Amino acid sequence: MEKKQRKKVKKPMSETESNDLDDISCLFFQKGIMGLFLLISIFSLLLRVAVSLHSYSGAGTPPKFGDFEAQRHWMEITTNLPIKDWYFNTTNNDLSYWGLDYPPLTAYQSYFHGLFLKHFDPNSVSLFTSRGYETHFGKLLMRWTVLSSDLLIFFPAVLYFVLVNYGGNRSGGNKSDVAWHFAVILINPCLILTDHGHFQYNCISLGLTLGAVAAVLSQKDLLACVLFCLSLNHKQCDYMIERVADCYIYWTIVEVVGVASCLKMSAYYAPAFFSHLFGSCLRRKNPLLEVLKLGLTVLGTFAIVWWPFLHSRDAFFVVLSRLAPFERGIYEDYVANFWCSTSVLIKWKRLFTTNSLRFLSLVATILTFLPSTIQQIWSPSSEGFLYGLLNSSLAFYLFSFQVHEKSILLPLLPATLLAMELPGVLSMLLMHSALLSMFPLLCRDKMAVPYMALYMLSILLYLAPCGKQHIKKHLSSNDHEFLLLSFLSLYCLYQRKAMDVVKTIYINGIDMEVARAYVSNLPAGKLLYWIISQLNYAALVSHLSFCSKFVCVSGRD
């Protein structure tokens, strides 16, 4: 009898493991959260389908069309040419016509999607003759590739994050809170409009990043490294390429050092991942071994992804040169970041060379995310890691070199992950500011109708019973006026009535004489884009200061 009792004593798990499993099973099965996740997923999927019925980037605008044609052309190139010619200018690959300029994982994704198109509609990816291919069936297949990518990568990543975030002992949550958080992450209007309207595959890179975040929170560091490295190799990492190009000479000396420097400054989230994982390793029994394991995992993942292009140094650097958009300048269009907003007073492009601006943007970006990085190395915590993600991504968005409107998706991801932690008004206003920032881009794509519909839906989501309890404590009458002002500005922007926008801004306290000066010196469209960018810039800076303040004082879990 004693032996049997001893055997029974060995079987039970530790108290923390048992509690974690009990919390997860209770939350996701007994409380019916899985059913709510499926319902929210179906609704968000229908929203994506509805948006995909509208126009897209470059629809019916030859000769180069837009991003839709770029993605289709990459499928054409990857399915018809050998891999060694994908990034090289040849008789069969004219790089001046949407040449492949994204990292290798995007090329592999284009290859597999191209096989899908080739099976059902070979004409859609035939070499040369498929340029500008816009048949109804071809567009349907292209839309399906984005929907399937969303379902296979982003949706499971959201479930993984919420399961880890609410399933353990770190943070509890009732049924309505978890369901609302699901909805906030899945029904991200900026992501839906960009991927399923404008046409891109941001859901893949953001899904991989979200999976990496969940892996970090569940203390699966090696899995987090693999997923984050895959994310880096999917979307264009301008800042990474800049620094590698700057350090070309060092590659001739020590190539491994070049890879390491590349990883440290690779993307918007890299400082947060690096600082948290490094700080966690320093607190374990064998810090050197833990750091070595992470480093080998990162190098191994990059080596596998880049393997076809590592046969020679020249081939490798030709691919790198395709990823660096230096010729575009420090900013383009009217993005709500520091360089664009201050360009009205300081003509950056005239006063400084491209190399000088790259150095200035590097210094400004590092100084901005440095406090949160130091804090996470000194005292890593799960909550501090999430705030560090938001802080570093906003730092890159505001101060880095060559920022596009769509880059706002990067700080939006950690903002939605922190939707239950941030003061409600900040979370709501960042989403609102991001939508404002993307309006000029989506207006050019003739997507005003789905844009306005999702805009209203996002506000209703934040003012829902669960969201309203979280927000109404912080939402003042001034914030309501800000929302109303932005709607008026958007309406006037869509109608191209410049003076109406000036009047609405003047009501909010801007000097009319200054506004009139802009009217006399700028075309109406550019003036309106600039006004929208200023509204965004003010909201984003307030977020950045809040995150820096929190991360510097946050402690260990």
- request: Could you list which residues have their amide H under 5 Å from that of residue 403, counting only those 5 or more apart in sequence or on another chain, with H placed in the peptide plane?
  value: 332
query: Just for the Cα atoms in the stretch 270-401, what are the lengths along the principal axes, largest first, rounded to whole Å?
result: 53, 41, 20
Descending semi-axes in Å of the stretch 121-202, equivalent ellipsoid built from Cα gyration tensor: 38, 12, 9
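Just subtract the alpha-carbon distance of residue 363 and residue 148 from 0.36 nm times their residue separation and send over the number in nm, one decimal.
Details: separation 215, 0.36 × 215 = 77.40 nm, distance 3.99 nm.
Once the chain is fully extended between residue 363 and residue 148, it gains 73.4 nm.
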- request: Distance check, please: which entries in 64/446; 64/84; 175/406; 118/139; 220/285 exceed 22 angstrom between their Cα atoms?
  value: 64/84; 175/406
query: Amide H to amide H, which residues 5 or more places from residue 93 or on other chains are under 5 Å from it, using H placed in the peptide plane?
result: none
statement: Length gained, residue 92-residue 453, 0.36 nm per residue minus C-alpha separation, equals 125.7 nm
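So how much slack lies between residue 128 and residue 286, counting 0.36 nm per residue of separation and subtracting their Cα-Cα distance, in nm? Please report the intermediate quantities before stating the final value.
On the way: separation 158, 0.36 × 158 = 56.88 nm, distance 5.67 nm.
Taking residue 128 through residue 286 to full extension adds about 51.2 nm, to one decimal.
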query: So what J values fall out for the stretch 211-226 if you push phi through Karplus, 6.51 cos²θ - 1.76 cosθ + 1.60 with θ = phi - 60°, rounded to Hz, Gly and Pro as x?
result: x, 5, 4, 4, 5, 5, 5, 8, 6, 9, 5, 5, 5, 4, 4, 5
- prompt: Counting every Cα pair in the stretch 71-190, what percent are over 19 Å apart?
  reply: 57
- prompt: Between residue 84 and residue 296, how many nm apart are label points set 7 Å from Cα along the C-beta direction?
  reply: 3.2
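None of the figures in this text is laboratory data; all of them are computed from the coordinates on show. In this text the structure is predicted, and so the values were computed from the model without any measurement. Here Cβ is always computed from backbone atoms with ideal geometry, including for glycine, and neighbour counts include all displayed protein chains.
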